[in-house]
1. Restricting to the range 177-190, name every residue that is modelled with pLDDT of 90 or more, part of a helix (DSSP H, G or I) and open to solvent by 30 Å² or more (accessible area, probe 1.4 Å).
2. Among the residues of the range 286-293, is there at least one that is out of contact with any strand residue (DSSP E or B) (no Cβ under 9 Å at 6 or more places or on another chain), buried (at least 21 other Cβ atoms within 10 Å of the Cβ) and in a helix (DSSP H, G or I)?
3. Restricting to the range 303-324, give me the number of residues that are open to solvent by 70 Å² or more (accessible area, probe 1.4 Å) and either within 19 Å of residue 103 (Cα to Cα) or part of a helix (DSSP H, G or I) (or both).
4. Output the qualifying pairs, or none if there are none: Cβ atoms under 6 angstrom, residues six or more apart or on different chains, first residue in the range 279-306 and in contact (Cβ under 8 Å) with a residue 40 or more places away in the chain, second residue open to solvent by 40 Å² or more (accessible area, probe 1.4 Å).
5. Going through the range 65-85 one residue at a time, which ones are hydroxyl-bearing (Ser, Thr, Tyr) and under 26 Å from the mean Cα position of the chain (by Cα)?
6. Tally the residues that are buried (at least 18 other Cβ atoms within 10 Å of the Cβ), of a type outside the set (A, V, I, L, M) and closer than 18 Å to residue 304 by Cα, restricting the search to the range 123-150.
7. Being under 22 Å from residue 157 (Cα atoms) and either among the polar types (S, T, N, Q) or not in a loop (DSSP other than H, G, I, E, B) (or both), is that true of even one residue in the range 235-255?
8. Return a yes/no flag: does the range 16-33 have any residue that is in a helix (DSSP H, G or I), out of contact with any helix residue (DSSP H, G or I) (no Cβ under 7 Å at 6 or more places or on another chain), at pLDDT 95 or above and β-branched (Val, Ile, Thr).
Amino acid sequence: MADIILGIESSCDDTSAAVIADRVLLSNVIASQAVHKSFGGVVPELASRAHEQNIVPVVSEALSRAGVKPEELTAIAFTRGPGLLGSLLVGTSFAKAMGLALDIPLIDVNHLQGHVLANFVRQKDVPVREPSFPYLCLLISGGNSQIVKVNSPLDFEILGQTIDDAVGEAFDKCSKMMGLGYPGGPIIDRLAANGDPKRFQFAKPHIPGLDYSFSGVKTSLLYFVRDKIALDPDFMEKNKEDICASFQKTLVDILFDKFIKAAKQTGIREMTIGGGVSANSAVRARLVEEGARRGWNVYLPEFKFTTDNAAMIAIAGYFHYLNGERMPLDAAPVSRIADF
């Protein structure tokens with residue numbers, strides 16, 4: 001008999017629920033929140049209120065699409081952290097109440113582990129292609145930029161991480177700085193497609209080891225745009241595609257300089273990416289390019305598994321469930337998690 005896991009994700013501004021039977025995805029429902037666009041970023045209080053409105057219909061729809069009744073569930077996996085505390089409270093409270101009502105175990109999941117394990121979500125009629133252990137994952141999002149060595153579904157080792165800003169934050173803040181809108185990553189990616197990535201040069205940090213820094217490149221772009229606009233008020237509008245292409249190339253170069261270094265140090269050739277920025281076209285193309293050049297086995301997550309989604313929480317929860325892990329009802333959500 002299959003283990004049927006309900007996954008719940010509510011770490012930021014997407015309310016999502018998914019159902020898997022063993023490792024096969026039966027449904028994955030996501031409700032996004034457009035209200036934040038006018039503010040240029042996620043407003044925590046608005047996010048938590050929207051989760052309260054969305055979670056019941058989202059979970060109900062996920063079960064309906066999967067053809068699964070609540071009493072058929074084996075366990076409920078949910079994001080305990082990291083994330084916005086108000087948003088996490090909604091998902092955690094709902095999972096506890098549902099688990100208590102059904103008398104089934106709860107599995108708390110680290111949101112970042114979900115991103116790293118997204119490639120293990122299996123789908124009906126889709127050929128199985130999964131990385132072998134150990135593999136390296138470039139985990140890149142609005143809140144994280146890390147190089148993770150994955151020894152098993154339950155054994156993660158951070159080899160390098162940002163010492164200041166995450167790459168997704170750099171995309172968003174610089175998009176806002178240029179007046180392009182939010183979320184910045186997709187906007188810059190779209191404009192960069194028609195620009196010259198070699199036209200402008202931006203500063204790259206010199207950080208030892210495998211750690212990242214993105215604060216300097218943001219400052220470099222700020223000064224560059226300020227100085228150019230002082231000479232020509234229309235400079236930004238006339239050159240925004242080339243600016244976006246050059247800025248995006250700089251960020252991708254920074255990411256892969258360290259990722260290549262990590263591959264050389266570990267000797268690992270199984271390579272993946274995860275997190276919201278793994279949907280970026282330049283990042284995906286660069287991974288494929290480096291893979292062909294260096295003999296890597298490259299695994300790209302489907303676009304629907306790059307953003308925050310419950311399918312990745314369900315699969316991570318499934319591995320923890322098989323390991324016998326259970327969460328007590330008095331455990332609270334956490335906005336930050338020290339251990340990966």
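The values are calculated or read from the model by the stated rules, or taken from the named source; none is laboratory data. These numbers were taken from a predicted model, which means no experiment stands behind them. For neighbour counting, all protein chains shown are included, and Cβ atoms are generated from backbone atoms with ideal geometry for every residue, glycine included. Side chains included, ligands, DNA and RNA excluded: accessible areas come from the protein's heavy atoms. Shrake-Rupley method; radii C 1.70, N 1.55, O 1.52, S 1.80 Å.
1. 186, 190, listed by residue number.
2. No, the range 286-293 has no match at all.
3. First pass over the range 303-324, keeping only residues open to solvent by 70 Å² or more (accessible area, probe 1.4 Å): 303-304, 322-323.
Next cut, either within 19 Å of residue 103 (Cα to Cα) or part of a helix (DSSP H, G or I) (or both) only: 303-304, 322.
Qualifying residue count, the range 303-324: 3.
4. Short answer, once both residue conditions are applied: 279/303; 297/269.
5. Quick first cut of the range 65-85, residues hydroxyl-bearing (Ser, Thr, Tyr) only: 74, 79.
Selection gives 79 alone.
6. Total satisfying the criteria: 3.
7. Among the residues of the range 235-255, at least one is under 22 Å from residue 157 (Cα atoms) and either among the polar types (S, T, N, Q) or not in a loop (DSSP other than H, G, I, E, B) (or both), which makes the answer yes.
8. No: the range 16-33 contains no residue that is in a helix (DSSP H, G or I), out of contact with any helix residue (DSSP H, G or I) (no Cβ under 7 Å at 6 or more places or on another chain), at pLDDT 95 or above and β-branched (Val, Ile, Thr).
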